[in-house]
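Student: Handing you a structure now.
The values are calculated or read from the model by the stated rules, or taken from the named source; none is laboratory data. The model shown is predicted, which means the values in this text are computed figures rather than measured ones. The protein model used for the area step is the full one, side chains on, heavy atoms only, and it has no ligands, DNA or RNA in it. Shrake-Rupley method; radii C 1.70, N 1.55, O 1.52, S 1.80 Å.
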2 protein chains.
Amino acid sequence: MADAALFEFLHTEMVAELWAPDPDAGSGGKKKSLSVLEGVGFRVGQALGERLPRETLAVREELDALKFLCKDLWAAMFQKHMDGLRTNHQGTYVLQDNSFPLLLTMGSGSQYLEEAPKFLAFTCGLLCGALHTLGFQSLVTASVTALPACKFQVVIQKS
Amino acid sequence: MADAALFEFLHTEMVAELWAPDPDAGSGGKKKSLSVLEGVGFRVGQALGERLPRETLAVREELDALKFLCKDLWAAMFQKHMDGLRTNHQGTYVLQDNSFPLLLTMGSGSQYLEEAPKFLAFTCGLLCGALHTLGFQSLVTASVTALPACKFQVVIQKS
């Protein structure tokens, strides 16, 4: 087990380095930077998923996969569990973290809210990548209403 | 403590993303990519250094600082100690890791040797950043003769 701060510091610096939206590209530049961060997260999530014990990889129930993210994956990343998991039982899940570690380095005022997406993109990709390894295609988005709490919405794509 | 693989996977993917030497720029492009990775490492090393207990920050002997890198810092990053530390007692130190974890993802044949620098730049910067927090200016370079072993050479800059 590595010092948890190492991952968090590296994440912060990677965001600083990869967050370089072209000012001339407007919102397109931001989208491109976010998708680069999501891509990095996806590949890390896939790789983490591939290290899982075989019994976990045999999970075939959606809800079990989501519980795995909320417990085992969150513990490996942040030494805690997700604070909440809700579902509409139709393939949409909302995962709530009341104090998301990768947002803690930001200020907590609402004036920083618009900075939040770049600190969430990697983790959205990571959740999606881990689900991919578990056999589920998904769309993952994040939202923040009051820092440092955030919600990840996972929509499982039926094939 | 976080799953050690998380840091290693994130490092690998960050290298893949930031290693984009401009083919037209020749060796200049490679140098630029390496210095970006070193810069990320430096800032992570500084931040890790700032988390150290105060008694460590009071270290003022060069050799104690180097021993700290080889033991405490390496343990926090890689769950092991550096395999060797040698010095000429004139400010030059050679730190040897016989199985450097960030090189383990590469193949071990000599044909991959030229790929090694991009997997070492972050850690060179990190050692330099941690030393900076401890009060020492340094130049850190790395060399590989047989994967996955590598040596980091630290030259303390006298002010």
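Student: Based solely on C-alpha atoms, express the radius of gyration and the Dmax of region B:78-136 in angstrom.
Tutor: 13.4, 39
Student: Still on this structure: Between A:117, A:53, A:101, which gets the highest mean-square fluctuation from a Gaussian network model of chain A, Cα cutoff 10 Å?
Tutor: Maximum fluctuation in the GNM of chain A, among the listed residues, is at A:53.
Student: While we're looking at this one, here's another question. What ranking of A:141, B:133 comes out by heavy-atom accessible area, probe 1.4 Å, highest first?
Tutor: Ranking A:141, B:133 by accessible area, largest first, yields A:141, B:133.
Student: Let me ask another. Rounded to the nearest 10 degrees, what's the angle between the helix A:4-18 long axis and the longest principal axis of chain A, both from Cα atoms, 0 to 90?
Tutor: The answer is roughly 50 degrees.
Student: Right, something else. Could you tell me which of the pairs A:32/A:151; B:31/B:71; A:67/A:151; A:80/A:158 are separated by over 25 angstrom between their Cα atoms in the structure shown?
Tutor: Beyond 25 Å between Cα atoms: B:31/B:71; A:80/A:158.
Student: Can you send over the carbon and sulfur percentage of the accessible area for the protein assembly as shown, probe radius 1.4 Å, protein chains only?
Tutor: 51
Student: Another question about this same structure. Enter the angle in degrees (range 0 to 90, nearest 10) between the Cα long axis of helix B:117-134 and the first principal axis of the Cα atoms of chain B, meaning the one along which they spread out most.
Tutor: So the helix axis and the longest Cα principal axis differ by about 20 degrees.
Student: Using only the alpha carbon atoms of chain B, find the Kirkwood hydrodynamic radius as the inverse mean reciprocal pair distance, in angstroms to one decimal.
Tutor: For chain B, inverting the mean 1/r across all distinct Cα pairs yields 16.1 Å.
Student: Another question, if that's okay. Starting from the residue with the highest accessible area, list B:110, B:35 in decreasing order, probe 1.4 Å.
Tutor: Output order, biggest surface exposure first: B:110, B:35.
Student: So, one more: Just to confirm, what accessible area per residue do you get for region A:46-105 at 1.4 Å probe, in whole Å²?
Tutor: Roughly 53 Å² per residue, with all protein chains present.
Student: Could you bin all the Cα-Cα distances of the protein assembly as shown into 20 Å bins starting at 0 and give me the percent of pairs in each, rounded to whole numbers?
Tutor: 30, 55, 14, 0
Student: Accessible surface of residue A:112 in the full protein assembly, 1.4 angstrom probe, to the nearest 10 Å²?
Tutor: For residue A:112, solvent-accessible area is about 90 Å².
Student: Something else about it: Tell me: how much accessible area in total is hidden between B and A, 1.4 Å probe, Å², nearest 100?
Tutor: Interface area, both chains combined: 2700 Å², rounded to the nearest 100.
Student: Using only DSSP helix segments of four residues or longer, with each worth -39500 (n - 2.57), what per-residue ellipticity at 222 nm results for chain B after dividing by its residue count and rounding to 500?
Tutor: Taken over chain B, the calculation gives -14500 deg cm²/dmol.
Student: Tell me which residues come under 5 Å, amide H to amide H, from residue A:142 once H is placed; ignore anything under 5 positions away on its chain.
Tutor: So residue A:142 has HN proximity to A:153.
Student: Additional query: How big is the accessible area of residue A:43 in square angstrom, nearest 10, if you roll a 1.4 angstrom probe over the protein chains?
Tutor: 90
Student: Compare B:11, A:132, B:81 by solvent-accessible area with a 1.4 Å probe and give them largest first, with all protein chains kept in place.
Tutor: B:81, A:132, B:11
Student: Right, another one. With every protein chain in place, what's the accessible area of residue B:19 (1.4 Å probe, Å², nearest 10)?
Tutor: Approximately 60 Å² for this residue.
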